[in-house]
Amino acid sequence: MPAAAWVTLLAIVLVVAVVGLSLLRVIFQLKHVAWTLGAVVVGVNAIAYQTRTVPEVLPSVNSNLAPVRAMAEQV
């Protein structure tokens, strides 16, 4: 095989190795981003649950205040 063919094969192997390593780095970064994004979504859902609107929790508040209302009506 001529020397030009060996040089071409060596160049191709080097390019494929560099691209492969770059793709591995991208894969690891994307896995880290996916994990972080999952943690952020869980945090946002917790905040949304804790700040839900009044109509959702109003029945429980009214039931807790029923004794106070009954005592106030007696006065």
Looking at this structure, is Gln29 among the polar types (S, T, N, Q), out of contact with any helix residue (DSSP H, G or I) (no Cβ under 6 Å at 6 or more places or on another chain) and at pLDDT 95 or above?
yes
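Being in a helix (DSSP H, G or I) and more than 24 Å from the chain's Cα centre (by Cα) narrows it down to one residue among Asn62, Asn45; which is it? I'd like the intermediate steps shown before the answer.
Working: Asn45 fails: more than 24 Å from the chain's Cα centre (by Cα).
Answer to the check: Asn62.
The values are calculated or read from the model by the stated rules, or taken from the named source; none is laboratory data. Here the structure is a predicted model, which is why all the values come from computation and not from measurement. Methodologically, a virtual Cβ is constructed for each residue, glycine included, from the backbone with ideal geometry; neighbour enumeration extends over all protein chains shown.
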